[in-house]
Each structure stands twice: as structure tokens, then as C-alpha cells.
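Notes follow once the structure below has been shown.
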Amino acid sequence: MTALTPLQSRPATVQPIAAGGTVRQCYERLLQGPDDADRQSIAQAFLEQCLEQAAALPQETPDDPTALQAWVEQHSAGVALQYADYLERRKSGGPREFFSNKAHALYFLQAVAPTKLVDGAWLYGVLKHWHDHRFEGLLCTYLEELGDGSPAQNHVVIYRKLLAEHGLQDMPDIDDERYLQGTVQLALGYAGDEYLPEVIGYNLGYEQLPLHLLISAYELAELDIDPYYFTLHVTIDNASTGHAQKAVQALMQLLPMEADREAFWRRVTLGYRLNDLGQGSRAIIEAFDLDREVLDMLERKRPFGQHMHSDYCKFEGKTVNEWLSAPGQLEGFLTAMQNKGWIKRHEDPQNSRFWTLIEGAGAAMFGVFSPYEKQLLHDWIAGDWLKQGSRRAPRRSLGAACESQVGVEDPDVLALEQTLRGQAPDEQMQTLMPWLSARCHSHPAGLLATRRFIELKSVLR
């Protein structure tokens, strides 16, 4: 990963308002349950803490909003040049610069999941302004994040399927700080009226095409991981006609003509800086340590396996149960298995007896390890053997895989349809909006509500 630029230091994790709470708890409180005043107060208090930290960060945006369009175009051109340099290094035989192996890539997909699973949430609050033409750019961006109600294009649906394909649905061990950006997005969505300039600024920053998105998509494909979620954002966020362009247009539409124009712009720039709180994608990528991840994973499983093995086989005089009987012994256990020839590092894992116990027909430990855990073990055993050459494997598109009909038997769909039948169009809009929230929009009723919302909006305007 020698080609990565130095990382800027970032502020420490923002703590939620609840005494003794965690960012993850704040994230879950904002994501789950019905809209209520309590959630509004949590969102506002969390944002105030975040904005205080963001104020200490350097301002990257121009001082004059009229210079913004040229600034965005310059940024986009700079990213294109850096990506061209990356491609040239790869074509000249250079190694992957982000993901050392497939386990590394899966680690990344899981680590950023709390943010990806609320994609677009910062714009939820603009729905109530559907009748105001000045919000059209923000509203269009949000509805496109929701796939306009199509499961094949809904960003959260796509990412959930990507996680499920690789056994990454559960996220019990993700660092608390990695919930920060998702919590910021949820909080902006629920406090949008009070923080409209900050929402505009955050949207402006989030929709700029980053270099890491292009490189991630390229290297995921090489590792036989469908990059569709990432390539979708490459196209949809473009600075010509995509979300990056709409972000600039939305700002100019909503920027006050006279009164408090400078104050509004200052708040926009502060909202932009919210994007820089917490760990960024590159920091997460660089944080991966395969040896540590393997040991941590085995330590988490150790209590469940410490009484499950026979005493027939011993390694350096200790049974498997004895090796698993107390914390801190697993590194020695792995070394002992290598010494006995059960693990042959830097070779095809099929040459290791330990691997054949957990993978393959009739494996004695079939089902003990999740797909991600097996990938960790596979890549740790394989080591340098994997570096003999990278490959680019053609992948089916998750866009096609996500195609599915909304289940007509879904109880939420049936209940929503029944409610809408007895309502006038304006009443329907009020009924539909909660279904377009981060909690609901990727479910069948939410997808239906999104399509109906778009249909009514075009009729009622």
C-alpha cells in the first residue's frame, strides 16, 4: 500500500449525549423506532458535539460560493489524473494498493457497513419540502439513493446483498468509531430543518467523487467481489450531471439572496467538514492487520470451543481443549500446529490439514466458521502464496441479482395499500414520507412508498 497519501489526523470519537453511552447506541436509537421528539433531541445534541469538533478542522471549500462550481470541476479532474496514475502503475505490474487479499477487502466492507446501510439518510428531512422547487436537487439525490423505489437500484438493498453474499450480515465487533459517520447522517436527516445549511454542506462534501471509490471498485473486482455498489456511485456522483453537480445547484438555489448570506455559507462549510470526522475509508484500509484479525477472531470463538474437542490429539503436550482453556494461548497454538505440519504457511491452504478440517466435503468442522472467518484463515495460511499473481475475475452484476418483485403478500405492503386507498393525494404524501426513512425505505413497503411518492409528486406539483 505504498501509493497511499499520508492520512490527516482526525478528531477523537464523538460521544453521544447519553451518559456512558456509545456512538453505536446513538446510531441504533436514531435508526430504530418511530419518529418522535426524543429522537429529534438526540439528533440535535449529537450534531452540536460533532459541529464543535468539525469547527477545528481546516476549511477546504472556497471562501466565495460562486467559485464552488470551478472548485468541484478542479477536484474531479484531479481525482481523474490520480486514478490514471494508479492504472498506469497497475498496468506496469504494480500490486494492489488497497487490499492485500480478499480477507482484507471483506474486512473493509464490514467496517464501512454502518455508513453504507444508511446511505442517503442525511437528506431524509428534505422530503417535507417536495413542493418547493428550490429543493429539487436535494430531493432528486435522495430519491436516487433510494433507487427510485427499485430494489435493483436502492443503495441499501444492494449493499445488504453484497454483505450477505460474503457472510457479513452480522456486525458485532465493529469499532464504535465506525458508527460515527452513519450517526452523523441519521442525525442530519432527523434535524434537517434546524440544520439545513449543514445538510447542504455535508451533501456537497459526500457527493464529491473520491479517489478511494475508484480504486476500491477496481481491486474488489480483482478479488472476485462484485463492485457494483461502488461503480454505481462512480457514475451517479459525477460532476457533470450527477449528484456532485446537483449538490452545487442545490446550494445556489437555497443560498439566501441577501440576509445572512455569509452566515449561511459559513454553516455550509462547517457541514462540509462533518465528512472528515471519524475514520475515513483509507484509514480503515490501512488499519487492517491479518495476523491480529485472525487471533482476534479465534479468541472470540475460543469460549465456544474449549470443551468441544477430544483429547486424542495433542500439540506440544497439550490437548486442543487445554489450548483453548484460557485467553492468550492461541498464538502459541497456531505456532504448535505449524510445527506439527498441520498448518503450512505460504502454501496452497489445501496442503494444510487444519484447512481441510474446516472446508470441503465431509470437513469435521463444517459450519464452525463463517465465510468471512474462513477467508481470514485461508488468506493467513496462504500468505505469500497469494502474491504469485493477482487475477481479475468477471462477476455477475448485483444490480441484476437485486431484481425482485415487491412481495404482494408482505403485511406492511398490504397495510400501506389499504391506508392509501382512503386518502386524498396530499394525505397520502404525509403517510408515505415515514416509509422513506432510513429504517424503512429498503423494505418492500418502503420501496412501494418511494415509487408512489415519486408518482404523486409529479402529479401534485
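The values are calculated or read from the model by the stated rules, or taken from the named source; none is laboratory data. Here the structure is a predicted model, which is why all the values come from computation and not from measurement. Cβ coordinates were reconstructed from backbone atoms using ideal geometry, including for glycine residues, and neighbour counts include every protein chain displayed.
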*Filter region 80-93 for residues that are at pLDDT 95 or above and under 17 Å from Ser216 (Cβ atoms) and give the result.*
Gln82, Tyr83, Ala84, Asp85, Tyr86, Leu87, Arg89, Arg90
*In this structure, is Ala326 farther than 30 Å from Gln59 by Cβ, at pLDDT 95 or above and among the hydrophobic types (A, V, I, L, M, F, W, C)?*
no
*Would you pick out the residues in region 331-368 that are crowded, with 19+ Cβ neighbours inside 10 Å and part of a loop (DSSP other than H, G, I, E, B)?*
Ile343, Lys344, Ser352
*Does His131 count as surrounded by 19 or more Cβ atoms within 10 Å (Cβ to Cβ) and more than 25 Å from Leu274 (Cα to Cα)?*
no
_Residues satisfying the stated conditions in region 157-182, i.e. assigned to a helix (DSSP H, G or I) and within 14 Å of Gly280 (Cα to Cα)_ = Asp176, Glu177, Arg178, Tyr179, Leu180, Gln181, Gly182
*State whether the residues of region 299-314 include one that is surrounded by 14 or more Cβ atoms within 10 Å (Cβ to Cβ), modelled with pLDDT of 80 or more, in contact with a Lys or Arg (Cβ under 8 Å, 6 or more places away or on another chain) and not small (Gly, Ala, Ser).*
no
_I need a count of the residues in region 180-197 that are more than 16 Å from Val268 (Cβ to Cβ) and not small (Gly, Ala, Ser)._
6
_Being assigned to a helix (DSSP H, G or I) and out of contact with any helix residue (DSSP H, G or I) (no Cβ under 6 Å at 6 or more places or on another chain) is the filter here; which residues of region 127-139 pass it?_
Lys128, His133, Glu136
*From the options Leu47, Leu106, residue that is within 23 Å of the chain's Cα centre (by Cα), at pLDDT 95 or above and within 21 Å of Tyr202 (Cα to Cα)*: Leu47
*Scan (1) at pLDDT 95 or above; (2) more than 29 Å from Asp173 (Cβ to Cβ); (3) charged (D, E, K, R) for the single condition Arg261 breaks and write down its number.*
(1)
*Quick one: what pairs do we get from region 361-376, first residue farther than 21 Å from His346 by Cα, second among the polar types (S, T, N, Q) and at pLDDT 90 or above, C-beta under 9 Å, 6+ apart or different chains?*
Ala363/Thr356; Ala364/Thr356
*asked:* Being surrounded by fewer than 16 Cβ atoms within 10 Å (Cβ to Cβ) and among the hydrophobic types (A, V, I, L, M, F, W, C) is the filter here; which residues of region 411-439 pass it?
replied: Leu414, Ala415, Ala424
